[in-house]
Amino acid sequence: MGNDGPTLLRTPMFPPLFLGLDLSTQQLKAVLIAEDASVVHESAVHFDNDLPKYNTVNGAIQGPLDGEVTSPVAMWLDAIDLLMERMKSAGVDFSAIAAISGAGQQHGSVYWSADAETLLSSLDAKLPLREQLAPNAFSIQRAPIWQDSSTTEDCRALEDVIGGPQILADLSGSRAYERFTGSQISKIRRLDAAAYAATSRISLVSSFIPSLFLGHIAPIEVSDASGMNLMNVLSCKWDHRLLEACGGPELRVKLGPEPVPGGTSLGKISEWWLKRWGFSPECIVAPFTGDNPATVVSLSAPGDALLSLGTSTTLLLSIPPADTPPKRFTTSHLLSHPTTLDAQIAMLCYKNGALAREQIRDRFCEGDWDRFNTDVESTPAGNNGYMGLYFPLPEIIPPNVVGDFFYKVEDNASITPVENIPNDAHPRAILESQFLSIRSRIAAILPPHAPHLHRLVVAGGSSSNDTIRQLAADLFDMKVYVSGTKQAAGMGGALLAKYAWWRAAQGDTGTFEEMTGGEVGELKCVAEPRPEMTKVYDELVGVYQLCEEEAVKR
Ligand code: XUL
């Protein structure tokens with residue numbers, strides 16, 4: 001008898017898995033979840049350590065021009081090839097992945113050559129991505145990233161054309177910022193007209209990765225598009241005047257279609273992934289978003305403040321849909337929300353986050369976090385009157401300030417600039433000044449009639465540090481919560497993948513909240529504010545502002 005017994009009806013992809021990738025500054029990470037959002041697998045590729053031939057420091061290359069910071073696109077491709085190898089070796093069943101989405105560091109941009117579409121659509125399964133795409137698929141080999149601050153001239157020109165920083169903020173959600181993609185594009189067009197002319201399409205980091213999965217260039221997603229100074233943040237459409245100002249009449253074609261919301265399906269995964277890695281032909285690719293919006297997707301409920309302590313420090317607040325459009329400020333950003341088109345996210349972003357803290361740990365605590373924490377804990381709130389502001393990279397808030405600034409505070413009222421502060425005062429000084437800067441700005445970015453912020457959810461590398469969590473609870477006067485998942489942005493990406501799959505299954509309808517039942521992942525309270533400490537910090541906010549004003553004037 002032949003092998004023709006009863007046919008086993010194997011339903012493909014059950015139980016389905018959802019893949020979230022996060023291409024961040026220093027690593028490419030993968031989070032694979034099951035339908036109940038439990039994590040099935042995590043892996044990562046660390047650019048400096050795993051791909052040393054690219055000579056990056058913390059994932060990036062400085063220069064050659066002043067303030068320029070880029071990452072090699074070939075390195076990102078190598079990282080994807082290596083990540084897939086690692087997932088395969090760990091036994092991941094690619095055929096069970098029903099949808100893919102993810103997150104990318106915001107603002108970074110990738111410049112595709114005229115050959116890109118052909119190369120993307122004809123990938124050979126015997127060869128890795130990098131070998132086939134770099135350098136020929138790109139008109140510029142190094143992608144400008146969010147740490148870049150080389151475009152001040154382009155920023156001022158953009159604000160002038162539009163009528164000033166407030167008008168630009170009202171329209172696009174932010175005044176002109178050096179790292180925002182519009183000014184990056186304008187600089188390339190100004191300094192390297194040939195490369196600009198040779199660019200057929202421009203992707204954000206977040207639309208670059210889905211392009212690889214789709215085998216053609218993906219549209220840009222609405223929330224991450226808000227980090228470009230090119231989109232109307234309320235209508236979520238490209239703004240003609242902004243496009244003209246940054247990239248001339250040809251920019252619209254280079255950007256591709258209007259930005260797309262999260263939770264949509266961009267199409268099925270392309271052949272290369274089926275043949276090389278065994279993905280299912282049914283696997284759908286959903287838009288990726290920025291790392292900060294993805295963190296909001298995975299961790300935040302309205303009324304929560306979210307503090308992401310990664311390479312950058314960001315404070316994120318979800319602003320639910322309202323009758324009056326949210327106010328826009330020139331020190332914070334307003335982003336469109338990745339899953340709710342009429343909601344927004346308010347964001348403060350600091351460049352000197354984890355790397356600045358690590359420098360203090362290395363300079364004063366022999367590279368040891370325990371010593372760093374002991375120094376913090378053996379010093380009282382207020383740091384015996386020592387204040388230190390640390391900006392190793394040109395800062396975003398306050399704009400473009402660089403260097404270290406030290407002060408002695410008298411009676412919580414006056415400050416005297418000093419050369420230095422005692423060695424063991426630096427660890428507490430950096431934490432207090434970083435957090436006081438945020439605290440001094442939170443009230444201003446809250447939407448009118450916002451309920452009192454009741455909890456602070458912390459994420460990112462430093463959120464596992466007990467001392468940092470306690471200081472945050474005391475200084476912000478909020479209970480501090482952490483999530484079970486360390487990879488908040490990757491988890492947000494995996495949830496966006498599931499959202500696209502879930503919506504597609506029910507005829508492209510349904511809100512993200514309907515899918516999750518309004519629940520964010522399990523959050524655990526890890527620190528509570530101590531009133532006597534909070535009182536000290538209440539009085540220090542004004543003093544911090546004096547120090548910052550002094551540092552800016554120097
Ligand atoms: C946000 C920003 C950074 C990057 C890198 O505006 O520049 O947070 O997204 O994480």
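The values are calculated or read from the model by the stated rules, or taken from the named source; none is laboratory data. These numbers come from a predicted model, not from an experiment. Don't worry about glycine lacking a Cβ; one is built from the backbone with ideal geometry, like all the others, and counts go over all protein chains shown. Accessible surface areas use protein heavy atoms only, side chains included; no ligands, DNA or RNA. Shrake-Rupley method; radii C 1.70, N 1.55, O 1.52, S 1.80 Å.
Does the stretch 381-397 contain any residue that is within 16 Å of the ligand (Cβ to nearest atom), under 30 Å from Pro320 (Cα atoms) and aromatic (Phe, Trp, Tyr)? Checked against the condition, which is being within 16 Å of the ligand (Cβ to nearest atom), under 30 Å from Pro320 (Cα atoms) and aromatic (Phe, Trp, Tyr), the stretch 381-397 yields no hits at all. Thr56 - would you say it is in contact with a Lys or Arg (Cβ under 6 Å, 6 or more places away or on another chain) and crowded, with 19+ Cβ neighbours inside 10 Å? It is false that Thr56 is in contact with a Lys or Arg (Cβ under 6 Å, 6 or more places away or on another chain) and crowded, with 19+ Cβ neighbours inside 10 Å.
At least 3 residues that are within 16 Å of the ligand (Cβ to nearest atom) in each: list the helices (runs of 4 or more DSSP H) lying fully within the stretch 175-280 that qualify. Because the criterion is at least 3 residues that are within 16 Å of the ligand (Cβ to nearest atom), the helices (runs of 4 or more DSSP H) in the stretch 175-280 that meet it are 181-191, 205-214, 222-225.
For the subset of the stretch 323-357 comprising residues that are more than 16 Å from the ligand (Cβ to nearest atom) and under 24 Å from Pro165 (Cα atoms), which member is most open to solvent (accessible area, probe 1.4 Å)?
Per the stated criteria, the residue is Lys327.
Can you pull out every residue in the stretch 400-434 that is of a type outside the set (D, E, K, R), open to solvent by less than 50 Å² (accessible area, probe 1.4 Å) and more than 21 Å from Lys553 (Cα to Cα)? The answer is Ala425, His426, Pro427, Leu431. Within the stretch 296-322, the set of residues being in contact (Cβ under 8 Å) with a residue 60 or more places away in the chain, under 30 Å from Ile217 (Cβ atoms) and either hydrophobic (A, V, I, L, M, F, W, C) or open to solvent by less than 10 Å² (accessible area, probe 1.4 Å) (or both) comprises Val296, Val297, Ser298.
Report, by residue number, each residue of the stretch 499-554 that is of a type in the set (A, V, I, L, M) and under 30 Å from Glu419 (Cα atoms).
Met533, Val536, Leu540, Val541, Val543, Leu546, Ala551, Val552
Restricting the search to strands (runs of 3 or more DSSP E) fully inside the stretch 66-114 and requiring at least 2 residues that are away from the ligand (no atom under 16 Å from the Cβ), over 26 Å from Pro144 (Cβ atoms) and open to solvent by less than 20 Å² (accessible area, probe 1.4 Å) gives 97-104. Of all residues in the stretch 115-146, those being open to solvent by less than 50 Å² (accessible area, probe 1.4 Å), more than 16 Å from the ligand (Cβ to nearest atom) and in a loop (DSSP other than H, G, I, E, B) number 7. The residues on offer are Pro293, Pro287, and the sole one that is part of a loop (DSSP other than H, G, I, E, B) and either surrounded by 24 or more Cβ atoms within 10 Å (Cβ to Cβ) or within 16 Å of the ligand (Cβ to nearest atom) (or both) is Pro287.
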